[in-house]
Structure formats: structure tokens, C-alpha cells
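A.B. asks: Take a look at the following structure, please.
The values are calculated or read from the model by the stated rules, or taken from the named source; none is laboratory data. This is a predicted model, so every value here is computed, not measured. Here the Cβ positions follow ideal geometry from the backbone for every residue, glycine too, while neighbour counts run over all protein chains shown.
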Amino acid sequence: MAYDREIRTDIDWDSLGFSYMPTRSNIRYKYRNGAWDKGELTSDPNVSMSIAATCLHYGQNAFEGIKAFRCKDGKVRVFRPWENAKRMNRTAHQLLGPEIPEEMFLEAIHRVVLDNVDYVPPYGSGGSLYIRPLYIGTGPMIGVAPTDEYEFIIMVMPVGKYYKEGLKGVPTLVIEDYDRAAPKGMGQYKCSGNYGASLMPAKLAKKAGYPVPLFLDPKEHKYIDEFGTSNFLAITEDGKYVTSDSPSILPSVTNMSLMEVARDLGMTVEKRPIVAEEELPTFKEVCACGTAVVITPISSVTIHGKTITYGNECGPVSKKLYDTLTGIQYGELEDTHNWMFEI
Ligand code: PLP
Ligand code: COI
């Protein structure tokens with residue numbers, strides 16, 4: 001299908017980073033009296049709510065990250081939004097908010113991406129349209145309890161690379177003085193509080209020259225958990241794909257997909273606890289993976305004052321995984337798993 005709106009000519013697609021950009025519209029659904037409304041597109045970038053809203057005081061606040069791609073055949077497709085719908089509902093359930101029906105989640109994505117289709121970067125630019133669903137408790141409550149009024153909002157904006165280094169390695173620091181989540185806490189949910197907890201350690205790591213903080217498990221500080229904005233994966237000397245298994249990390253859609261890609265490529269995949277100090281020096285390639293960061297090679301990990309170096313270039317196995325995943329996303333390779341949702 002041809003889209004009504006042509007690709008915009010007033011955006012420099014090659015210099016996009018990962019920053020906020022207002023677009024034509026966002027879409028909003030309100031939950032009142034036990035039901036969601038039909039949703040509305042609006043050009044208003046602000047939200048209005050009670051000063052006693054639970055998202056402002058008591059953390060009834062969740063979000064997701066998804067990408068839409070302009071594919072080789074000119075169509076726009078969204079990567080695995082069903083998985084984000086499930087994950088947002090797991091978070092909503094934990095925050096005692098109402099479920100978002102999957103059809104409503106997908107309809108919302110369809111409507112807002114179509115209305116902003118001219119903001120989807122051109123094929124070949126390496127960019128994508130970042131889709132940010134937001135789920136907030138908007139009703140007033142002053143005792144600590146869930147409200148009965150919510151908003152589900154989706155904003156979209158064109159993005160390029162999250163780290164300016166792109167497929168060049170990024171140095172990372174193991175955080176020793178902070179945890180992003182508690183052992184039996186909210187680490188596996190995409191609630192905004194986890195990101196608040198990561199701000200100070202991320203700032204300190206950045207100040208010390210490390211753009212990416214790496215967190216250990218909060219119980220023993222022995223196993224690798226994840227990066228502040230992405231999961232951890234490593235390639236062993238004998239070519240295995242190893243990634244952390246921990247109750248305090250976010251189940252990443254990208255990681256889940258890369259594990260399937262790795263198996264398709266004939267690799268052995270191990271999802272298990274990774275003993276940081278012991279195993280980091282044995283890995284051949286280390287990467288961060290997530291929607292925003294895609295696959296970002298890690299050039300070094302500094303742990304307890306020692307630095308283990310992996311090199312500045314993206315390793316060959318990580319590159320193969322990157323090429324396969326992005327090949328599916330941009331419609332260059334067959335979508336054998338039916339991961340893409342067409343707009
Ligand atoms: N871990 C954290 C803490 C994240 O914020 C993200 C980003 O969404 C990920 C992992 C990667 O998850 P996904 O691949 O679903 O984007
Ligand atoms: C994403 O990768 O979509 C994220 O949500 C991570 C970060 C930008 C918070």
C-alpha cells in the first residue's frame with residue numbers, strides 16, 4: 001500500500017540521534033468507570049491531570065519501547081508489538097492498574113504510526129520510528145493505593161543511534177555502589193521507578209568515562225544482571241550465545257529475538273546466571289541489546305578496578321546477529337517467525 005503522507009523533507013535523516021522530537025500527533029485512551037474509551041489522536045504534547053495523580057506520587061507509571069521501520073519494499077512495519085503489549089500488561093498488573101486489551105494496543109500503534117508515517121525515516125538511512133507507549137495513573141489518591149483513572153498514551157518520534165558510537169565499541173563500568181532493582185522487587189517490570197534508580201549510577205559512570213552502566217544482581221553482587229537500558233549478551237570462545245538469567249532484569253524483546261536468530265544460525269544459546277569476575281575475562285565478544293541500542297558492542301568492562309578489553313570493532317558473531325535482526329526488521333530478509341506487524 002502507498003501511504004497518504006510522503007517522507008518529510010525537513011528532517012536531516014542522517015544526523016538523527018536518540019532525542020525527543022515532537023511529531024504530528026500522539027494517541028490517548030482514557031480509562032474511566034471501569035472501561036477504556038475509543039482513543040483520540042491529538043497534536044497536544046502536554047498532559048493535564050490531578051496534582052494528586054498516582055503516577056506523580058506513587059509510581060503507577062509504566063512505559064514501553066518499540067520501533068517501526070520503513071522496509072525495502074516501501075511498507076512500514078513494527079517489530080513484535082504483541083510482546084510489548086504482553087509486557088506492558090504484566091507491568092500494569094503488578095502496579096494494580098487495568099489491563100490494556102491487545103487489540104487496543106495494536107490499534108493504537110496502527111493509528112498513531114499511520115498518522116505520523118511521514119516521520120518514519122527513509123529506507124537506507126539506518127533510522128526508525130521510535131514508539132513510546134506510556135501508561136499512567138491519572139486519578140487523585142492521597143493514601144497509598146491504586147487509582148481508578150488511567151491514561152494510555154503513545155508518542156512516536158524518528159530516531160537514529162542511541163550511542164553516538166553506533167557499531168563501535170562502548171566502554172562500560174560495573175556499578176558497585178548502587179542497584180537498579182531489589183532482589184524481589186520490580187526489576188522484571190518496565191516501570192518508570194527503575195529508571196529513576198539508574199539515573200545517579202549512570203551519571204557517575206558517565207562522569208568516569210563510561211557511557212553504559214552494568215549492574216550486578218542485587219542479592220549477591222556476583223552475577224551479571226543487565227545494563228541500565230539494555231540486556232547483556234556475550235559470545236564465548238567456542239561460539240555460544242550467553243545471556244543473563246535473573247529475576248531482577250527486564251525480559252528484553254530484542255534479546256528474546258536474538259536468541260531465536262542465534263538458534264536459527266545453529267548456535268548454542270545459554271540463558272543462565274553469569275559469574276561476573278570469573279566469566280567476563282573468558283568472553284570473546286560482549287554486547288548490550290535492546291530496542292533503543294539494537295546491538296551495541298562493548299569495548300571493555302571495568303570491574304573492581306580491573307579492565308577487560310574486547311576491542312573497538314563489532315565482533316564477527318555480533319555483526320552476524322545484528323545483520324540478521326536488522327535484515328528482518330528492514331524487510332531485507334524473510335520474516336520466517338512472523339515478527340513484523342504491517343501498517
Ligand atoms: N533492559 C532494560 C533495563 C531496558 O530499559 C530495555 C529497553 O527496553 C531492555 C533491557 C531491552 O528490552 P527490549 O529489547 O524489549 O527493548
Ligand atoms: C528501549 O530500548 O526502548 C528503552 O526503553 C530503553 C531506554 C531508552 C529507556
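A.B. asks: Six or more apart or on different chains, Cβ under 6 Å: which pairs go from a residue in segment 17-42 that's closer than 18 Å to Ala108 by Cα and touching a residue at least 60 places away in the same chain (Cβ under 8 Å) to one that's among the charged types (D, E, K, R) and part of a strand (DSSP E or B)? Could you list them?
C.D. replies: The qualifying pairs are Arg28/Glu40; Arg28/Glu151; Lys30/Glu151.
A.B. asks: Being surrounded by 18 or more Cβ atoms within 10 Å (Cβ to Cβ), farther than 18 Å from Asn338 by Cα and over 20 Å from the mean Cα position of the chain (by Cα): is that true of Val117 here?
C.D. replies: Against the criterion (surrounded by 18 or more Cβ atoms within 10 Å (Cβ to Cβ), farther than 18 Å from Asn338 by Cα and over 20 Å from the mean Cα position of the chain (by Cα)), Val117 qualifies.
A.B. asks: Same structure again: Within segment 291-303, does at least one residue satisfy the condition of being under 16 Å from the mean Cα position of the chain (by Cα), within 23 Å of Thr336 (Cα to Cα) and in a strand (DSSP E or B)?
C.D. replies: Yes, that holds for at least one residue.
A.B. asks: Going by the structure shown, is Glu332 in contact (Cβ under 8 Å) with a residue 40 or more places away in the chain, over 25 Å from Pro213 (Cβ atoms) and surrounded by fewer than 21 Cβ atoms within 10 Å (Cβ to Cβ)?
C.D. replies: Here the answer is yes, as Glu332 does meet what is asked.
A.B. asks: Can you name every residue in segment 261-296 that is more than 16 Å from ligand 1 (Cβ to nearest atom) and at pLDDT below 95?
C.D. replies: none
A.B. asks: Considering every residue within segment 275-284, establish whether at least one is within 23 Å of Tyr223 (Cβ to Cβ), touching a Phe, Trp or Tyr at 6+ places or on another chain (Cβ under 9 Å) and acidic (Asp, Glu).
C.D. replies: No, every residue in segment 275-284 fails to be within 23 Å of Tyr223 (Cβ to Cβ), touching a Phe, Trp or Tyr at 6+ places or on another chain (Cβ under 9 Å) and acidic (Asp, Glu).
A.B. asks: How many residues are within 16 Å of ligand 2 (Cβ to nearest atom) and either within 21 Å of Glu103 (Cβ to Cβ) or out of contact with any helix residue (DSSP H, G or I) (no Cβ under 8 Å at 6 or more places or on another chain) (or both) when one looks only at segment 23-64?
C.D. replies: 3
A.B. asks: Looking at segment 304-339, which of the residues that are assigned to a helix (DSSP H, G or I) and over 20 Å from the mean Cα position of the chain (by Cα) is nearest to Val76 (Cα to Cα)?
C.D. replies: Here the residue is Lys320.
A.B. asks: Being more than 11 Å from ligand 1 (Cβ to nearest atom), surrounded by fewer than 23 Cβ atoms within 10 Å (Cβ to Cβ) and part of a loop (DSSP other than H, G, I, E, B) is the requirement here; does Lys203 meet it?
C.D. replies: So Lys203 does not fit the description; no.
A.B. asks: Just one of the numbered conditions (1) within 9 Å of ligand 1 (Cβ to nearest atom); (2) under 25 Å from His221 (Cα atoms); (3) surrounded by 15 or more Cβ atoms within 10 Å (Cβ to Cβ) is not true of Ser257; which one?
C.D. replies: Ser257 satisfies every listed condition except (2).
A.B. asks: Inspect segment 224-237 for any residue being out of contact with any strand residue (DSSP E or B) (no Cβ under 9 Å at 6 or more places or on another chain) and either more than 15 Å from ligand 2 (Cβ to nearest atom) or at pLDDT below 95 (or both) and give the result as yes or no.
C.D. replies: No.
A.B. asks: Does segment 237-257 include one or more residues that are of a type in the set (S, T, N, Q) and touching a His at 6+ places or on another chain (Cβ under 9 Å)?
C.D. replies: Yes, segment 237-257 has at least one match.
A.B. asks: Restricting segment 207-265 to residues that are without any contact (Cβ under 8 Å) to a residue 24 or more places away in the chain and part of a loop (DSSP other than H, G, I, E, B), which is farthest from Glu176 (Cα to Cα)?
C.D. replies: The extreme case among them is Asp238.
A.B. asks: Among the residues of segment 96-108, how many are surrounded by fewer than 23 Cβ atoms within 10 Å (Cβ to Cβ) and touching a residue at least 40 places away in the same chain (Cβ under 8 Å)?
C.D. replies: 7
A.B. asks: Scanning for something charged (D, E, K, R) and assigned to a helix (DSSP H, G or I), does segment 66-86 turn up at least one residue?
C.D. replies: Yes, segment 66-86 contains a residue that is charged (D, E, K, R) and assigned to a helix (DSSP H, G or I).
A.B. asks: Another question, if that's okay. So which of Val156, Val170 is buried (at least 21 other Cβ atoms within 10 Å of the Cβ) and touching a Lys or Arg at 6+ places or on another chain (Cβ under 8 Å)?
C.D. replies: Val156
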